[in-house]
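Inspection log for the structure reproduced underneath, given as structure tokens.
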Amino acid sequence: MRPAPPFDPTNLATTNRPMNKGSYSDNTSRLDAAAKVTGRAKYSKDMYLPNAIFVALVRCPYGAGDLESFDKGAAMAVPGVLEVDISGKEGKYHGQNVGYLAAESPHAMKRGMRALKAKWTRSAVKTTIAEGMKEAPDVDQDSKNLLAKADHVLTAEYSTQVQIHACLETHGSVVDHRGDSATVYSSTQGTSSAKDGLERTIGLPKSKYEVVCEYIGGGFGSKLNGAGKEGATAAQVAAKYKRPAYLFVNRAEDQLDTGNRPSVHARVNIGFAKDGTILGGEIRTWGGVGVSRGGGNISVPSGRYKLGDIKRPHIDVTLNAGGPRPFRAPGAPPGAFIEELMLDEVATIAGVDPLALRLKLEQDADRREMLTMGAKLIGWTNRKATGSQKGAMRRGFGMGTTSWGHGATQTEAEVAIHRDGSVEARSGTQDIGTGQRTIMGVMAAESLHVPLNLVSVNIGNSSLPIGPGSGGSQTASSSAPAMAAAGEDARNKLLAAVAEKTAVDVATLSIENGAILKDNKAFMTWKEACAKLPTETLVGHGVWNRKEAQSHPSTGHSHGAQFAEVEVDAETGVIHVKRVIAIQSGGKIISRKTAESQVIGAVIQGISYALFEARVLDRNVGSMINANLETYKILGPNDMPHIEPILWGKGQTGVRPIGEPPTIPTAGVIACAVFNALGKPVRHLPMTPDKVLAALEGAGA
Amino acid sequence: MNRFAIATPKSFKEAGELLADKRFTLPVLKGGGMDVLDHMKEGLYEPDVLINIKRLRPDGAQAVSEASGGVRIEGNATLAEIAASKSVQTQSPVVAQACESAATPQVRNVATAAGNLLQRPRCWYYRNVQFECLKKGGDRCYSVEGENKYHAIFGGGPCHIVHPSNLAPALMVCDGVVHLSGGKRESVAIADLFHMPEKGITSEHTLDKGEIITHITFKPATKSGFYVVKEKQSFDWPLVLACVSLELDGDTIKAARVCAGAVAPVPWMLPKVAEALKGVKVSDDAALRKAAALSTDGATPMRDNAYKLKLLPVAVRRAVLRAAGKDPEPQA
């Protein structure tokens, strides 16, 4: 592959960008960057404690099967094996656990598992959504009438694959049980939710154990389920032996049994007028939810476009496979893939420019403005008409939009000032890689009016003031106002203490950049002020919840628009994404670098979903045959385009969602660009060469 | 992983003796150790001794050296060393390009030439321990009724693996010879190193027990080129690849050798294409396409891999262009 041409910002209308001049912090690097890149950061999976027991789950190797036999004696005879506890008999998906084995070391554990020689009898499996689609009803009469009135009807089938979270740090917990108390080191997106429900298995009251999660190697939603079966089993073993128990799953188990974004099949019948105005119709969808009964709902239509009267019947199809869990904007990326590609197909049939069509259908004024701006930045005027290119290498442009609602989760925070002048920002919340630790520090420093280097951040512990789970893109928007309020409270308390000790009117005092001012003139240093504290530590408290959020009209929804330029090799079907422009609003940005990093990461994950990632089940046996990171393919450096994140500043107040929305449109945007390049839509993800070549031949639709 | 010992022999002779040592149940040679480790982690085999030949070289031998009438690479030369070698790059570019394209920089810094030739197939049924496939002594090839997107389009089974080596097809177009120690044979032509499944399903090569690859020689093929199509451009296995060496008279092809990879259980020579390329001008796109189209003659695709029939002629044609010193990739 030819390297991407160097990015030339002078070609773009950079001067007109509404950059977020008002962000709290533009250049702060992650507070934990050095710890992470030097390996000093200890993740929960790194917690190899003295005297620990290592636990593995015994799992079904097939899509469905019965545990016929196992050699418990042989496993117990392996030196170091402590216990084999198998209670289940039936497996309904590859990876389903039926029991566990505990041993004195990881090696003894693995040898024990092998000596166990579990024998399973396979039974018949259902592995594809198609098997649940056989009795799909025809389009209903209302929709038929509507379609009959339309100038054109687009009838098409779209599908998306199962995407695995593939966190670098696999799922699990280490439970350090000391008999009368315990510490749970969990890789979790919620220290407080991981604590909930463990009291029974751990055999201790909630006051006697805490959940610690200093660093997390990736979450994306799959670590929102409390301590999970891994934590529960580790707790059970730890409680039984009154010793530390370690249960982190291996890569294959992680791929099999820690959730996923379910697959989708969509049957689209929509009618539209000659000018592209959409009258409506039906988008019937099926979700491939594995062993679960639900969880496959997808967000199509998204509500961002005027699509007339659309019926959207949906059925979840239960299969012999691992079930879904929340996954970064769960049903939205597949929904946007279908919706955006569908819109480009409508535009092509109607003979209108997809940009013009979107501007016409778009419901939101901000997003219309973003679309216009993004089109300028990507160079939309260089776009050739869809289907007009005949060469081997074809260039395409695509676009799409995103939106995300604002919510608020009960959050408490503390800012502690010590007599020695040091400051602590405390929150139970955890940093799943989003920059949460950094923004907690920035908010505490901003509200105290002290430099950031004075603040140390303590997060990732259920004993700290309750923080939100890292989900729904609500973490920053809930915790930042709480931390700001705590800082403000601490500032007021400090100034009151200084006023009392120095017998001045508190109203004359203020803090600027860590110095105490009286009537806006230097009065004393920060250290001198802190030394006057009546107690060793002063604590400011802050709270944020739904009620607070409702009384702050500054909070709002997030919006975005993305554009991509691709090159498609029409002879090999290989897609090269060249550039992505990602415009995203997120309120008043707290930490510019980490916010941009969120947008870039979301786009990467979106491209990876569009082009590569897919769980592959053997259709006959039901086993996942790519439960690894070799043939479960994730985007690597040679497939990285130039990504330009643009944080939208106009009208932004409060803290708004930014973690999920930028991953929503990406797959759809790429699909539109590929359609533009080839003149044929690739309606099935991931867009691998076989599918691209099939689409070019007109097959596979 | 099982317990195992590591032996570090001082000579290939000693390595051969260790291989034959009856005290060991399953002695396994280790070069870079890439594929050995993969197998041990997956539980596909449990060697009781690894015989480390990674540093075993004749005194003063470089990874790559000039040999009479060609180039010599040591069996434990890394892919990175071969790719970076000026003499390989100039004398047989196809070999350098094949090595450069494999895996990742990290893997190429460790993986060896001999290991690349003898690595086991990447078939996802072979690599998953719960499938008792033909290659593991079982009664069926699961890819036939199962997921065969990455499987062979030539050979017709009964095992449908594709040969995983990048280096082997490159050596096929420049008279590669594999030199051996510890057995009856001194050397074997690269074309005779591999066998089809019907000659024995549980192994892919013809080496006798005790035969160890010491080094590899090949003849100059100054007009040669490699082209690969992959789904992912970082760390991915080929969907198809083609290696070509040409004898040119100006723009006209006087003779050609063409070998495909990732399409059959062995490196797959394409003599019909080679024959058809004779007399063709490299600049004659239509004639090149016509010759390359013959590359799929005799193919028997499976349910999900017929797309390889479209890719192979493209890879062949682009490898010809690269061999002739032209940019193989079209411009947008």
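The values are calculated or read from the model by the stated rules, or taken from the named source; none is laboratory data. What you are looking at is a predicted structure, and each value in this text was computed from that prediction instead of being measured. Cβ placement follows ideal geometry from the backbone for every residue including glycine, while neighbour counts extend to all protein chains displayed.
Quick check: anything in the stretch B:269-278 more than 14 Å from chain A (Cβ to nearest Cβ) and in contact with a Cys (Cβ under 8 Å, 6 or more places away or on another chain)? Steps first, please.
Filtering the stretch B:269-278 for residues more than 14 Å from chain A (Cβ to nearest Cβ) gives B:269-278.
Going one step further and asking which of them are in contact with a Cys (Cβ under 8 Å, 6 or more places away or on another chain), we end up with B:269-270.
Looking for residues that are more than 14 Å from chain A (Cβ to nearest Cβ) and in contact with a Cys (Cβ under 8 Å, 6 or more places away or on another chain), one finds at least one in the stretch B:269-278, hence yes.
Whether any residue in the stretch A:170-185 is basic (K, R) and in a loop (DSSP other than H, G, I, E, B) is what I want to check. Can you show your working first?
Narrowing the stretch A:170-185 to residues basic (K, R): A:178.
In the following step, the residues that additionally are in a loop (DSSP other than H, G, I, E, B) were identified as A:178.
Among the residues of the stretch A:170-185, at least one is basic (K, R) and in a loop (DSSP other than H, G, I, E, B), which makes the answer yes.
Among the numbered conditions (1) within 14 Å of another protein chain (Cβ to nearest Cβ); (2) surrounded by fewer than 19 Cβ atoms within 10 Å (Cβ to Cβ), tell me where B:R317 comes up short.
(2)
What do you reckon, is A:L635 facing chain B (nearest Cβ under 9 Å) and at pLDDT 95 or above?
Values: facing chain B (nearest Cβ under 9 Å): yes; at pLDDT 95 or above: yes.
Criteria met by A:L635.
When both residues are 6+ apart or on different chains and their Cβ atoms are under 9 Å apart, which pairs have a first residue that lies in the stretch B:320-332 and is more than 14 Å from every other protein chain (Cβ to nearest Cβ) and among the hydrophobic types (A, V, I, L, M, F, W, C), and a second that is surrounded by fewer than 20 Cβ atoms within 10 Å (Cβ to Cβ) and outside any loop (DSSP other than H, G, I, E, B)?
Going by the 9 Å Cβ cut-off, the qualifying pairs are B:A323/B:L248; B:A324/B:L248.
Inside the stretch A:61-85, can you point out the residues that are within 14 Å of chain B (Cβ to nearest Cβ), closer than 26 Å to A:N628 by Cβ, of a type in the set (G, A, S) and not in a strand (DSSP E or B)?
Listed by number, the residues that qualify are A:G63, A:A64.
Which one of A:K384, A:K376 is surrounded by fewer than 18 Cβ atoms within 10 Å (Cβ to Cβ) and outside any helix (DSSP H, G or I)?
It is A:K384.
I need every pair where a residue in the stretch A:563-591 that is more than 11 Å from every other protein chain (Cβ to nearest Cβ) and at positive phi has its Cβ under 9 Å from the Cβ of a residue that is β-branched (V, I, T) and surrounded by 24 or more Cβ atoms within 10 Å (Cβ to Cβ), sequence separation at least 6 or different chains.
Matching pairs, first to second residue: A:G587/A:V655; A:G587/A:I658.
Return the residue satisfying two criteria in turn: it lies in the stretch A:217-261 and is of a type in the set (S, T, N, Q) and within 17 Å of A:L101 (Cβ to Cβ), and of such residues it is surrounded by the most Cβ atoms within 10 Å (Cβ to Cβ).
Just the residues of the stretch A:217-261 that are of a type in the set (S, T, N, Q), to begin with: A:222, A:225, A:233, A:236, A:250, A:255, A:258, A:260.
Those still in the list that are within 17 Å of A:L101 (Cβ to Cβ) too: A:233, A:236, A:250.
On the way: A:T233: 25, A:Q236: 22, A:N250: 14.
Looking at residues that are of a type in the set (S, T, N, Q) and within 17 Å of A:L101 (Cβ to Cβ), I get A:T233.
For the stretch B:198-206, state whether one or more residues are assigned to a strand (DSSP E or B) and either modelled with pLDDT of 95 or more or of a type in the set (D, E) (or both).
Applying the first criterion (assigned to a strand (DSSP E or B)) to the stretch B:198-206 yields B:205.
Restricting the remaining residues to those that are either modelled with pLDDT of 95 or more or of a type in the set (D, E) (or both) gives B:205.
Yes, the stretch B:198-206 contains a residue that is assigned to a strand (DSSP E or B) and either modelled with pLDDT of 95 or more or of a type in the set (D, E) (or both).
Taking the criterion of being of a type outside the set (V, I, T), part of a strand (DSSP E or B) and within 14 Å of chain B (Cβ to nearest Cβ), would at least one residue in the stretch A:86-102 satisfy it? Steps first, answer last, please.
Just the residues of the stretch A:86-102 that are of a type outside the set (V, I, T), to begin with: A:87-97, A:99-102.
Filter again for part of a strand (DSSP E or B), leaving A:90-91, A:97, A:99-102.
Those left that are additionally within 14 Å of chain B (Cβ to nearest Cβ): A:91.
Checking the stretch A:86-102: at least one residue is of a type outside the set (V, I, T), part of a strand (DSSP E or B) and within 14 Å of chain B (Cβ to nearest Cβ).
How many residues are within 14 Å of chain B (Cβ to nearest Cβ) and either within 11 Å of the chain's Cα centre (by Cα) or surrounded by fewer than 24 Cβ atoms within 10 Å (Cβ to Cβ) (or both) if we restrict to the stretch A:596-620?
Filtering the stretch A:596-620 down to residues within 14 Å of chain B (Cβ to nearest Cβ) leaves A:604, A:607-620.
Subsequent filtering for residues that are either within 11 Å of the chain's Cα centre (by Cα) or surrounded by fewer than 24 Cβ atoms within 10 Å (Cβ to Cβ) (or both) retains A:604, A:608, A:612-616, A:619-620.
The qualifying residues number 9.
Quick one: which of B:R257, B:R185 is away from every other protein chain (no Cβ under 14 Å) and in a loop (DSSP other than H, G, I, E, B)?
Values: B:R257 fails: in a loop (DSSP other than H, G, I, E, B).
Criteria check complete, one pass: B:R185.
Restricting attention to the stretch B:101-125, which residues are assigned to a loop (DSSP other than H, G, I, E, B) and touching a residue at least 40 places away in the same chain (Cβ under 8 Å)? Explain how you work it out, then say what you get.
First, the residues of the stretch B:101-125 that are assigned to a loop (DSSP other than H, G, I, E, B): B:102-104, B:109-111, B:119-125.
Within the stretch B:101-125, B:A102, B:A103, B:T104, B:V110, B:A111, B:Q119, B:R120, B:P121, B:R122 meet the criteria.
In this structure, is B:Y125 touching a Gly at 6+ places or on another chain (Cβ under 9 Å), over 24 Å from B:K30 (Cβ atoms) and aromatic (F, W, Y)? Give the derivation first.
Working: touching a Gly at 6+ places or on another chain (Cβ under 9 Å): yes; over 24 Å from B:K30 (Cβ atoms): yes; aromatic (F, W, Y): yes.
Yes.
For every residue, the table says whether it meets (1) touching a Gly at 6+ places or on another chain (Cβ under 9 Å); (2) over 19 Å from B:V266 (Cβ atoms); (3) within 14 Å of chain A (Cβ to nearest Cβ).
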position: B:E145; (1), (2), (3): no, yes, yes
position: B:Y150; (1), (2), (3): no, no, yes
position: B:S165; (1), (2), (3): yes, no, no
position: B:S181; (1), (2), (3): yes, yes, no
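Within the stretch B:1-13, count every residue that is within 12 Å of B:G210 (Cβ to Cβ) and either of a type in the set (D, E, K, R) or out of contact with any Leu (no Cβ under 9 Å at 6 or more places or on another chain) (or both). Explain how you work it out, then say what you get.
We begin by selecting, within the stretch B:1-13, every residue within 12 Å of B:G210 (Cβ to Cβ); these are B:12-13.
The next check asks that each one be either of a type in the set (D, E, K, R) or out of contact with any Leu (no Cβ under 9 Å at 6 or more places or on another chain) (or both); those that pass are B:13.
Qualifying residue count for the region: 1.
Consider A:S207 against the criteria (1) in contact (Cβ under 8 Å) with a residue 12 or more places away in the chain; (2) over 26 Å from the mean Cα position of the chain (by Cα); (3) not in a loop (DSSP other than H, G, I, E, B): it satisfies all of them except one. Which criterion is unmet?
(1) is the only condition that A:S207 fails.
Which one is farthest from B:A324 (Cα to Cα), of the residues in the stretch B:76-100 that are part of a helix (DSSP H, G or I) and among the hydroxyl-bearing types (S, T, Y)?
Residues of the stretch B:76-100 that are part of a helix (DSSP H, G or I), as a first pass: B:79-84, B:86-91, B:93-100.
Subsequent filtering for residues that are among the hydroxyl-bearing types (S, T, Y) retains B:87, B:90.
Details: B:S87: 18, B:T90: 13 Å.
In this case the residue turns out to be B:S87.
Which residues, counting only those in the stretch B:301-314, are more than 7 Å from every other protein chain (Cβ to nearest Cβ), of a type outside the set (K, R) and assigned to a helix (DSSP H, G or I)? Reasoning before the result, please.
Narrowing the stretch B:301-314 to residues more than 7 Å from every other protein chain (Cβ to nearest Cβ): B:301-306, B:308-309, B:312-313.
Now narrow it down to the ones that are of a type outside the set (K, R): B:301-302, B:304-306, B:309, B:312-313.
Matches in the stretch B:301-314: B:L309, B:L312, B:P313.
With respect to A:V498, is the statement that it is over 32 Å from the mean Cα position of the chain (by Cα), in a loop (DSSP other than H, G, I, E, B) and among the hydrophobic types (A, V, I, L, M, F, W, C) true? Before you say what the answer is, go through the steps one by one.
Working: over 32 Å from the mean Cα position of the chain (by Cα): yes; in a loop (DSSP other than H, G, I, E, B): no; among the hydrophobic types (A, V, I, L, M, F, W, C): yes.
For A:V498, the condition - over 32 Å from the mean Cα position of the chain (by Cα), in a loop (DSSP other than H, G, I, E, B) and among the hydrophobic types (A, V, I, L, M, F, W, C) - is not met.
Kindly provide the set of residues from the stretch A:621-657 that are surrounded by fewer than 20 Cβ atoms within 10 Å (Cβ to Cβ) and more than 24 Å from A:V574 (Cβ to Cβ), ordered by number.
Listed by number, the residues that qualify are A:G649, A:K650, A:G651, A:T653, A:G654.
Given the options A:D505, A:D519, A:D489, name the one that is closer than 30 Å to A:V212 by Cβ and either touching a residue at least 24 places away in the same chain (Cβ under 8 Å) or acidic (D, E) (or both).
Details: A:D505 fails: closer than 30 Å to A:V212 by Cβ; A:D519 fails: closer than 30 Å to A:V212 by Cβ.
Exactly one of A:D505, A:D519, A:D489 is closer than 30 Å to A:V212 by Cβ and either touching a residue at least 24 places away in the same chain (Cβ under 8 Å) or acidic (D, E) (or both), namely A:D489.
What number of residues in the stretch B:232-254 are in contact with a Pro (Cβ under 6 Å, 6 or more places away or on another chain), within 14 Å of another protein chain (Cβ to nearest Cβ) and buried (at least 19 other Cβ atoms within 10 Å of the Cβ)? Give the steps one after another, and end with the answer.
Let us first name the residues in the stretch B:232-254 that are in contact with a Pro (Cβ under 6 Å, 6 or more places away or on another chain), namely B:234, B:243.
After this cut, where a residue has to be within 14 Å of another protein chain (Cβ to nearest Cβ) as well, the list is B:234.
Filter once more, keeping what is buried (at least 19 other Cβ atoms within 10 Å of the Cβ): none.
Within the stretch B:232-254, residues that are in contact with a Pro (Cβ under 6 Å, 6 or more places away or on another chain), within 14 Å of another protein chain (Cβ to nearest Cβ) and buried (at least 19 other Cβ atoms within 10 Å of the Cβ) number 0.
Considering each of A:G287, A:G335, A:G322, A:G271 in turn, give the residue that is in a loop (DSSP other than H, G, I, E, B) and either touching a residue at least 40 places away in the same chain (Cβ under 8 Å) or of a type outside the set (K, R) (or both). Before you say what the answer is, go through the steps one by one.
On the way: A:G287 fails: in a loop (DSSP other than H, G, I, E, B); A:G335 fails: in a loop (DSSP other than H, G, I, E, B); A:G271 fails: in a loop (DSSP other than H, G, I, E, B).
Criteria check complete, one pass: A:G322.
Output the residues belonging to the stretch A:186-204 that are outside any helix (DSSP H, G or I) and in contact with a Gly (Cβ under 7 Å, 6 or more places away or on another chain). Before you say what the answer is, go through the steps one by one.
As a first pass, look at the stretch A:186-204 and keep what is outside any helix (DSSP H, G or I): A:186-190, A:196-198, A:203-204.
Of everything in the stretch A:186-204, those that are outside any helix (DSSP H, G or I) and in contact with a Gly (Cβ under 7 Å, 6 or more places away or on another chain) turn out to be A:S186, A:S187, A:Q189, A:G190, A:D196, A:G197, A:L198.
Look at A:L49 and say whether it is without any contact (Cβ under 8 Å) to a residue 60 or more places away in the chain and either part of a strand (DSSP E or B) or away from chain B (no Cβ under 14 Å) (or both). Talk me through it step by step, then tell me what you get.
Working: without any contact (Cβ under 8 Å) to a residue 60 or more places away in the chain: no; either part of a strand (DSSP E or B) or away from chain B (no Cβ under 14 Å) (or both): yes.
Spelling it out, it is not the case that A:L49 is without any contact (Cβ under 8 Å) to a residue 60 or more places away in the chain and either part of a strand (DSSP E or B) or away from chain B (no Cβ under 14 Å) (or both).
Counting just the residues of the stretch A:402-428 that are among the β-branched types (V, I, T) and in contact with a Pro (Cβ under 6 Å, 6 or more places away or on another chain), which one comes out modelled with the highest pLDDT?
Step one: of the stretch A:402-428, the residues among the β-branched types (V, I, T) are A:402, A:409, A:411, A:415, A:417, A:423.
Remaining after also requiring in contact with a Pro (Cβ under 6 Å, 6 or more places away or on another chain): A:402, A:409, A:411.
Numbers: A:T402: 98, A:T409: 87, A:T411: 94.
Only one residue tops the list, namely A:T402.
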